[in-house]
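Participant: Here it is, the structure, as structure tokens.
The values are calculated or read from the model by the stated rules, or taken from the named source; none is laboratory data. Just so it is clear, the structure is predicted and the values come from calculations on it, not from any experiment. Don't worry about glycine lacking a Cβ; one is built from the backbone with ideal geometry, like all the others, and counts go over all protein chains shown. Accessible surface is based on the protein model in full, side chains and every heavy atom, while ligands, DNA and RNA are left aside. Shrake-Rupley method; radii C 1.70, N 1.55, O 1.52, S 1.80 Å.
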Amino acid sequence: MSNELRIVISGGGTGGHIFPAVSIANAVKVLRPDAKILFVGALGRMEMERVPREGYEIVGLPVRGLIRPLWSPRNIGVLMDFLKSKRMVRRTIRDFRPMAAVGVGGYASAATLKAAHAMGIPCLIQEQNSYAGVTNKMLASGADRICVAYDGMERFFPAGKLMKTGNPVRQSLIESRMTPGEARQAFGLDPEKKTIVLVGGSLGARTVNESVLRHLDMVAAAGDVQFVWQTGKYYSKAIAQELAAKGCPENLHVTDFITDMGAAYRAADLVISRAGASSISEFCLIGKPVILVPSPNVAEDHQTKNAMALVDRGAAICVRDAEAPDTLLKLALETVADGRQLARLSENILKMALPDSAETIAREVIRLAEGK
């Protein structure tokens, strides 16, 4: 028992936090099959379902985000839940006895890493975005190592703690061996036609969806191009009703959720996506041309900053959310028809890839744990 490696990993709330966390855990298990890994998440958030599906145990905390405006009386309850979560996680740490703690952002990681640091456990935080999140900035002083994906992060963190590793991604995306034609056939599409894939995350993106619905005539007229459109579960019913009334073009494959994103990306000549850090890291690793539509509904507009880090290097195209319903589809059709531009985007985005991120972070986690 004394030689057994025990790691606690905390964070979640979105797939952009959960995928890196699970990837780090998987990489630790490859390097040290004997490792025991415990996740700590927020009750009611998606990590409470997703993490157990990956084969890991998770403890849920009643932690939640602050309510705007900050002087809202309801934040008294938020503070009480945070204090309760700190007590709970201290008990969890005493029982599990981790040798290192990893935080990937999200509500639960604040309580977990603060408690771990106070109890003398080495801490590593992983910041996915080009603009650091509030939680990670708050935790930086107690962290032993801060793993980042972008240059210039000394704006937010002590330079001596920084380690540029990139963002861990879902292995299934980079391990897919399907040809583009095979991937298109898997979606019931023509294997030879140019293909645009539109994704807005598991819940969907209202603006991306509106961009398609406003221009169904343009979709139908683009007979030499086909589309895979992930609407998101939240919007799927209303969109199905609207398509039933207006008619769905034959070259438009509509689904509420894509289970095999590896196949979807292999099928795509061009992807339209939000600008979450994990998604961007995936596009970099697979060299996929992408039009990014940053969500305006995120802290400190970090998705726009993520997108511009690529645009400044000629590695992506960015469309403002407010402009997308009018301009996005026309721009996508122009882009997918321009073979030279697609090749240039693919070449430039590949240059930004940082492979083996999960293994690099896992090795650092193990080093911290064994150093203790």
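Participant: Condition first: under 16 Å from residue 294 (Cβ atoms) and either part of a helix (DSSP H, G or I) or in contact with a helix residue (DSSP H, G or I) (Cβ under 7 Å, 6 or more places away or on another chain) (or both). Now tell me which residues in segment 317-331 satisfy that.
Facilitator: Matches in segment 317-331: 317, 318, 319, 321, 324, 325, 327, 328, 331.
Participant: For segment 268-316, what are the residues that are open to solvent by 20 Å² or more (accessible area, probe 1.4 Å), farther than 29 Å from residue 179 by Cβ and part of a loop (DSSP other than H, G, I, E, B)?
Facilitator: Residues satisfying the conditions are 296, 297, 298, 312.
Participant: What do you reckon, is residue 368 closer than 23 Å to residue 295 by Cβ, touching a strand residue (DSSP E or B) at 6+ places or on another chain (Cβ under 7 Å) and part of a helix (DSSP H, G or I)?
Facilitator: no
Participant: I'm trying to understand the selection: among the residues of segment 66-92, which are under 17 Å from residue 13 (Cα atoms) and either in contact with a Ser or Thr (Cβ under 6 Å, 6 or more places away or on another chain) or assigned to a loop (DSSP other than H, G, I, E, B) (or both)?
Facilitator: Result: 66, 67.
Participant: Here is a list: 102, 63. Which entry is in a loop (DSSP other than H, G, I, E, B) and closer than 23 Å to residue 142 by Cβ?
Facilitator: When all the criteria are applied, what remains is 63.
Participant: Looking at (1) in contact (Cβ under 8 Å) with a residue 24 or more places away in the chain; (2) part of a loop (DSSP other than H, G, I, E, B); (3) out of contact with any Pro (no Cβ under 8 Å at 6 or more places or on another chain), which is the one condition that is false for residue 135?
Facilitator: (2)
Participant: Then there is this: Within segment 1-59, how many residues are charged (D, E, K, R), at pLDDT below 95, in contact with a helix residue (DSSP H, G or I) (Cβ under 7 Å, 6 or more places away or on another chain) and open to solvent by less than 50 Å² (accessible area, probe 1.4 Å)?
Facilitator: 1
Participant: Still on this model: Quick one: in segment 167-201, which of the residues that are assigned to a loop (DSSP other than H, G, I, E, B) and without any contact (Cβ under 8 Å) to a residue 12 or more places away in the chain is surrounded by the most Cβ atoms within 10 Å (Cβ to Cβ)?
Facilitator: Ranking the qualifying residues of segment 167-201, first place goes to 191.
Participant: I need the full set of residues from segment 227-267 which are open to solvent by 50 Å² or more (accessible area, probe 1.4 Å) and not charged (D, E, K, R), in order please.
Facilitator: The answer is 234, 235, 238, 240, 241, 244, 245, 248, 253, 254, 257, 259.
Participant: Checking residue 311 against (1) in contact with a Cys (Cβ under 7 Å, 6 or more places away or on another chain); (2) under 30 Å from residue 30 (Cβ atoms), only one condition comes out false. Which one?
Facilitator: So the condition that residue 311 fails would be (2).
Participant: List, please: which pairs have Cβ atoms under 7 Å, are six or more places apart or on different chains, and start with a residue in segment 346-370 that is of a type in the set (D, E, K, R) and end with one that is open to solvent by 20 Å² or more (accessible area, probe 1.4 Å)?
Facilitator: So the pair list comes out as 363/31; 364/145; 364/163.
Participant: Of all residues in segment 335-366 being farther than 30 Å from residue 113 by Cα and of a type in the set (Lys, Arg), which is surrounded by the most Cβ atoms within 10 Å (Cβ to Cβ)?
Facilitator: 344
Participant: If I filter segment 91-100 for residues that are free of Cβ contacts under 8 Å to residues at least 12 places away in the same chain, closer than 22 Å to residue 147 by Cα and touching a strand residue (DSSP E or B) at 6+ places or on another chain (Cβ under 8 Å), do I get at least one hit?
Facilitator: Within segment 91-100, not a single residue is free of Cβ contacts under 8 Å to residues at least 12 places away in the same chain, closer than 22 Å to residue 147 by Cα and touching a strand residue (DSSP E or B) at 6+ places or on another chain (Cβ under 8 Å).
Participant: Applying the selection to segment 209-226, what residues are open to solvent by less than 20 Å² (accessible area, probe 1.4 Å) and either at pLDDT below 95 or of a type outside the set (A, V, I, L, M, F, W, C) (or both)?
Facilitator: 209, 211, 226
So that you can scan it fast, the table gives a plain yes or no per residue for (1) in a loop (DSSP other than H, G, I, E, B); (2) closer than 17 Å to residue 196 by Cβ:
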{"position": "241", "(1), (2)": "no, no"}
{"position": "245", "(1), (2)": "no, no"}
{"position": "257", "(1), (2)": "yes, no"}
{"position": "266", "(1), (2)": "no, yes"}
